[in-house]
Amino acid sequence: MADQKNTFGTQPAPLMYMAKFEAGKWQEGKIQPFGDLNLSPFAMCFHYGQTVFEGLKAFKSPDQQVSIFRHEDNYHRLNASMERMVMPVLPRSNWDTGVLSLVKDLKNVVPSFGYGVLYIRPFVIATQAKLGVDAADEYLFMVVAGPVSSYYNQPLRMKVERHYTRAAPGGVGYAKCGGNYGGALLPFQKAKEEGFDQVLWTDANTHEWFEESGTMNFGFIIGDTFITPPVSDTILDGITRKSVIQLAQDLGLAVEERGFSVSALKTAFEAGQRVEAFGIGTAAGIAPFKSISIDGVDYSCYHEEDAQMYKIKSTLLGIQTGELEDKYAWNTVVSQAELLPIS
Ligand SMILES: *Cc1c(COP(=O)(O)O)cnc(C)c1O
């Protein structure tokens, strides 16, 4: 809801991983107790936005098995974001210790099945102490984590953003770099003041073509077709989006990755078509929309219990938690947790 506080990720897990890049190479790094950093105020990350991050989840199955969803894709995307921000390629070994070994060590912090998941936040920052604008010579790769319950509970009221822009062609929209999110806060705040939960971003040139929703990808189900804008340099290549495309196909829906315009959506609403619309991302899985406001007019989206998006949502979650068969081998099992009382 618009006035609901976002408490996602406020509780850190007791361990974190940290590795330095110095003298031209990434060091081995280590898992250590969670704690504050000691950085020079000259550290370049504070000034020029050379920061990137990732977000992924570990799940506990009903029989206490801990697995991480599609983490190799996050590793590759982190390096794609780092390349755009002129950061040195992160070796796979740092990722494997930072993410897989860390989560294994945190197996008893992963919430029990049905009680939430462990959210994992790898990130890289420029730490060299220097005020000149340059690509830094020193970096820190860190992984922190924290238990979370589900992100969005209620269907969301969305506003089509026709003024502000998230990403422009040739820019950094496809990278998970910090500045993309700082720049989105003011449009988010304005939408909230107007009574909406989030914005639907449109293209920078015409504000007519849908791109993303808040910090998620998104899609529509109209009739028996799932439509989602194609990834580009302004649309982030979401791992949940890729998974939803597969699951939509499995459900027998036609999948169209194509541009979809605000006027086409308006026409569908005005023709009385049943429109399911939803955000797609790691934090929420699928976040159903209740309504979409186009130039001040609210249109209702279909979000009754029999909506097809809920089948995709529950299938995705079922695979992630090990309740359903993982037929695409999306999960990496990191450990079998001890049997503990429900926490
Ligand atoms: C992280 C992110 C997504 C979703 O990516 P997932 O891999 O599904 O979590 C979509 N859009 C933006 C802008 C993002 O930052």
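The values are calculated or read from the model by the stated rules, or taken from the named source; none is laboratory data. The structure displayed is predicted, hence computed values, not measured ones. Quick reminder, even Gly has a Cβ in these numbers, built from the backbone with ideal geometry, and neighbours come from all protein chains shown. Calculation scope for accessible area: heavy atoms of the full protein, side chains included, ligands and nucleic acids excluded. Shrake-Rupley method; radii C 1.70, N 1.55, O 1.52, S 1.80 Å.
Tell me, please, whether a residue that is away from the ligand (no atom under 12 Å from the Cβ), in a loop (DSSP other than H, G, I, E, B), outside the structural domain of N79 (by TED's automatic domain parsing) and open to solvent by less than 50 Å² (accessible area, probe 1.4 Å) can be found in the range 171-181. Within the range 171-181 (the criterion being away from the ligand (no atom under 12 Å from the Cβ), in a loop (DSSP other than H, G, I, E, B), outside the structural domain of N79 (by TED's automatic domain parsing) and open to solvent by less than 50 Å² (accessible area, probe 1.4 Å)), the answer is yes, since at least one residue qualifies.
Might you let me know whether the range 279-292 holds any residue that is at pLDDT 95 or above, polar (S, T, N, Q), away from the ligand (no atom under 15 Å from the Cβ) and open to solvent by 50 Å² or more (accessible area, probe 1.4 Å)? Scanning the range 279-292 turns up no residue that is at pLDDT 95 or above, polar (S, T, N, Q), away from the ligand (no atom under 15 Å from the Cβ) and open to solvent by 50 Å² or more (accessible area, probe 1.4 Å).
Among the residues making up the range 222-231, those that are open to solvent by 10 Å² or more (accessible area, probe 1.4 Å) and assigned to a loop (DSSP other than H, G, I, E, B) are G223, D224, P230, V231.
Tell me, please, whether a residue that is of a type in the set (D, E) and within 11 Å of the ligand (Cβ to nearest atom) can be found in the range 248-270. Looking through the range 248-270, none of the residues is of a type in the set (D, E) and within 11 Å of the ligand (Cβ to nearest atom).
May I ask you to verify whether K313 is outside the structural domain of F59 (by TED's automatic domain parsing), open to solvent by 10 Å² or more (accessible area, probe 1.4 Å) and within 25 Å of the chain's Cα centre (by Cα)? Yes, satisfied. If you go through the range 198-245 and keep only what is away from the ligand (no atom under 16 Å from the Cβ) and of a type in the set (D, E, K, R), you end up with E208, D224.
Does the range 162-170 include one or more residues that are touching a residue at least 60 places away in the same chain (Cβ under 8 Å), crowded, with 18+ Cβ neighbours inside 10 Å and farther than 14 Å from T215 by Cα?
Of all residues in the range 162-170, those touching a residue at least 60 places away in the same chain (Cβ under 8 Å) come to 162, 166-170.
Among the residues that remain, those that are also crowded, with 18+ Cβ neighbours inside 10 Å are: 166-167.
Cutting the leftovers down to farther than 14 Å from T215 by Cα gives us none.
No, the range 162-170 contains no residue that is touching a residue at least 60 places away in the same chain (Cβ under 8 Å), crowded, with 18+ Cβ neighbours inside 10 Å and farther than 14 Å from T215 by Cα.
Residues are listed down the side, and each one gets a yes or a no for (1) in contact with a helix residue (DSSP H, G or I) (Cβ under 6 Å, 6 or more places away or on another chain); (2) open to solvent by less than 50 Å² (accessible area, probe 1.4 Å):
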site	(1), (2)
S81	no, yes
R84	no, no
L118	no, yes
A126	yes, yes
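Taking the range 208-221 as the range and being assigned to a strand (DSSP E or B) and open to solvent by less than 20 Å² (accessible area, probe 1.4 Å) as the test, the residues that pass are F210, E212, S213, M216, N217, F218, G219, F220, I221.
Criterion first (free of Cβ contacts under 8 Å to residues at least 60 places away in the same chain, within 16 Å of the ligand (Cβ to nearest atom), open to solvent by 10 Å² or more (accessible area, probe 1.4 Å) and under 16 Å from the mean Cα position of the chain (by Cα)) does Y75 satisfy it?
Details: free of Cβ contacts under 8 Å to residues at least 60 places away in the same chain: yes; within 16 Å of the ligand (Cβ to nearest atom): yes; open to solvent by 10 Å² or more (accessible area, probe 1.4 Å): yes; under 16 Å from the mean Cα position of the chain (by Cα): yes.
Judged against the criteria, Y75 is a match.
Using the structure shown, decide if T234 is closer than 25 Å to L78 by Cβ and surrounded by 19 or more Cβ atoms within 10 Å (Cβ to Cβ). Yes, satisfied. Answer with yes or no whether V297 is surrounded by fewer than 17 Cβ atoms within 10 Å (Cβ to Cβ) and either among the β-branched types (V, I, T) or modelled with pLDDT under 95 (or both). Against the criterion (surrounded by fewer than 17 Cβ atoms within 10 Å (Cβ to Cβ) and either among the β-branched types (V, I, T) or modelled with pLDDT under 95 (or both)), V297 qualifies. Across the range 185-207, a minimum of one residue is classified as more than 29 Å from M44 (Cα to Cα), in a strand (DSSP E or B) and open to solvent by 10 Å² or more (accessible area, probe 1.4 Å).
Scanning the range 144-170 for residues that are within 16 Å of the ligand (Cβ to nearest atom) and basic (K, R) yields one hit, R166. Please state which one of A136, A168 is in the same structural domain as K192 (by TED's automatic domain parsing), more than 19 Å from the chain's Cα centre (by Cα), assigned to a loop (DSSP other than H, G, I, E, B) and among the small types (G, A, S). Step by step, each of A136, A168 is checked, and only A168 is in the same structural domain as K192 (by TED's automatic domain parsing), more than 19 Å from the chain's Cα centre (by Cα), assigned to a loop (DSSP other than H, G, I, E, B) and among the small types (G, A, S).
Quick check on my filter: what residues within the range 193-205 are free of Cβ contacts under 8 Å to residues at least 60 places away in the same chain and farther than 14 Å from D295 by Cβ? Result: E193, W201, D203, A204, N205.
Kindly establish whether E304 is touching a residue at least 24 places away in the same chain (Cβ under 8 Å) and out of contact with any Asp or Glu (no Cβ under 7 Å at 6 or more places or on another chain). So E304 does not fit the description; no.
Out of everything in the range 95-108 that is in contact (Cβ under 8 Å) with a residue 40 or more places away in the chain and crowded, with 21+ Cβ neighbours inside 10 Å, what residue ends up being farthest from G171 (Cα to Cα)? I'd like the intermediate steps shown before the answer.
Here is the first cut: in the range 95-108, the ones in contact (Cβ under 8 Å) with a residue 40 or more places away in the chain are 97-108.
Next, only the ones that are crowded, with 21+ Cβ neighbours inside 10 Å stay: 98-99, 102-103, 106.
Values: G98: 29, V99: 29, L102: 33, V103: 34, L106: 37 Å.
So the residue we want is L106.
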